[in-house]
Amino acid sequence: MRNTANARDIVEQYLAAVWGGDTQAARQHLADDLSFSGPAAVITGADVYLKASEHARRAAKGVEIRKVFADGPDVCVVYELLMDGPVSSAAVAEWYRLDGDKIASIRTILDTAPFAAGARQQPRGASGETALDPVCHMTVEKASAAATRTHEGATYYFCSLVCAEAFEKEPPAYLAAAR
C-alpha cells in the first residue's frame, strides 16, 4: 500500500529532523495548521508547536525508536526518550495523522508521574497553586517550579531551566503565543 509506506516515510523523516536538531527540515513535514495535544498542552500551528517543543529536544540525550506502525494516513511511533537527570528515560507513544504529504496532527502520550515525583516537594501548608509555563505550556506547581522569571512586573513559573532560559531570550514571543 503506497500511502502507508509514504506516511511512515514522512513521519520517520520528520522525527530524524526533529531529534537531529534540524528544525527547518522538520517544519517542511508539518501542515501550517498542525494540531498537537499532549499530557500538558494543546497547541495549534506548526511554528508555535516547534517553538514550544524545542525545550524537550534540547533536554533529551536521544531517542530509541522501538516500533513504528502505519495504517493509511495514521502512523504510531513508540519510543524511549533518553534524558539526564532524576528521570533517565520515558516511554512515549505518538500518533501522527497525515493529510496528503503533511503531518496534520500529533497526539503525544506519556506517563508524567515520574517527572512529578522528581520535582521538589511542596512545602507544608502550600496552596497547591499552579501556573502555566509560557514556553512549553505545562502546568507547574508554583511552590515546586524549577525556575521563575520576572518580566514587566509579572512572575512566570517554569517546568525546567531550559524553558526559563528560552523565555529570557525572547519573552514577548512566548507571551504572544500564550494569548
Nearby lysines by direct alpha-carbon distance to Lys51 (threshold 17 angstrom, same-chain neighbours under 8 apart not counted): Lys169
Partners for Lys67 among aspartates and glutamates (Cα-Cα distance below 15 Å; same-chain residues under 8 apart left out): Asp9, Glu12, Glu80, Glu94
Contour excess over end-to-end distance, with Cα ends at Thr44 and Ala91 and 0.36 nm allotted per residue: 14.5 nm
Over the range 25-171, relative contact order from alpha-carbon pairs under 8 Å, at least 6 apart, %: 18 percent
HN-Hα J in Hz across the range 72-84 - Karplus 6.51, -1.76, 1.60, θ = phi - 60°, x for Gly and Pro: x, x, 9, 10, 10, 10, 10, 8, 9, 8, 9, 9, 8
Per residue Cα convex hull volume in Å³ - calculated over the chain: 110 Å³
Helix-only [θ]222 nm of the chain, DSSP H runs n ≥ 4, -39500 (n - 2.57) each, per residue, nearest 500: -9500 deg cm²/dmol
Amide H contacts under 5 Å for His151, placed H, 5+ residues apart: Tyr156
Net charge over other residues, Cβ less than 11 angstrom from the Cβ of Val140 (K, R count +1; D, E count -1): -2
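Hey, got the dipole for the chain? About the Cα centre, +1 on K and R Cβ, -1 on D and E Cβ, debye to the nearest 20?
Once rounded to the nearest 20, the dipole reads 280 debye.
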Separation in nanometres of the label points that stand 7 Å from Cα toward Cβ, at Val78 and Thr130: 2.8 nm
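Since every read-out is calculated from the coordinates, none of them should be taken as a lab result. Since we're looking at a predicted model, the values are computed, not measured. As a convention, Cβ positions derive from the backbone with ideal geometry for all residues, glycine included, and neighbour counts pool all protein chains shown.
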